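Worksheet for the structure shown next.
The values are calculated or read from the model by the stated rules, or taken from the named source; none is laboratory data. Because the structure is predicted, anything quoted here is derived from the model rather than measured. Cβ sites come from the backbone with ideal geometry, for glycine too, and all protein chains shown count toward neighbours. When the accessible area is computed, the model is the full protein with side chains, heavy atoms only, and any ligands, DNA or RNA have been set aside. Shrake-Rupley method; radii C 1.70, N 1.55, O 1.52, S 1.80 Å.
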Amino acid sequence: MSYIVSDIGAATGAVSGIKSVEVNKGQQVSLGKSNVSSMETGMEVNNQLLPDLANLIECVKEQGNKFPKIAELIAIEDSKIKF
């Protein structure tokens, strides 16, 4: 029979992968000289999405940081169970 228990180390390891993800929301794309409309549109779309992407990354990091604490609380409850 298999047992499911919390692993604080696994939770911490999973979260550590997202801690290094960063986007500079101040970084904008610019074109020197281009009259290709798709290039200009791509630049505009990128510059509009960049702040939203940075906010999404910060939100994911904030939520991810909760997982080790949740795993710790569940591990405490798991330790009370006798298999």
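Quick one: would you say residue 34 is in contact with an Asp or Glu (Cβ under 7 Å, 6 or more places away or on another chain), of a type in the set (S, T, N, Q) and open to solvent by less than 90 Å² (accessible area, probe 1.4 Å)?
Taking the combined requirement at face value, the residue satisfies it.
For residue 54, indicate whether it is surrounded by 13 or more Cβ atoms within 10 Å (Cβ to Cβ), of a type in the set (A, V, I, L, M), in contact (Cβ under 8 Å) with a residue 40 or more places away in the chain and part of a helix (DSSP H, G or I). In short, no. For the stretch 3-30, the set of residues classified as modelled with pLDDT of 80 or more and not in a helix (DSSP H, G or I) consists of 20, 21, 22, 23, listed by residue number. Scanning the stretch 38-46 turns up no residue that is surrounded by fewer than 13 Cβ atoms within 10 Å (Cβ to Cβ) and touching a residue at least 24 places away in the same chain (Cβ under 8 Å).
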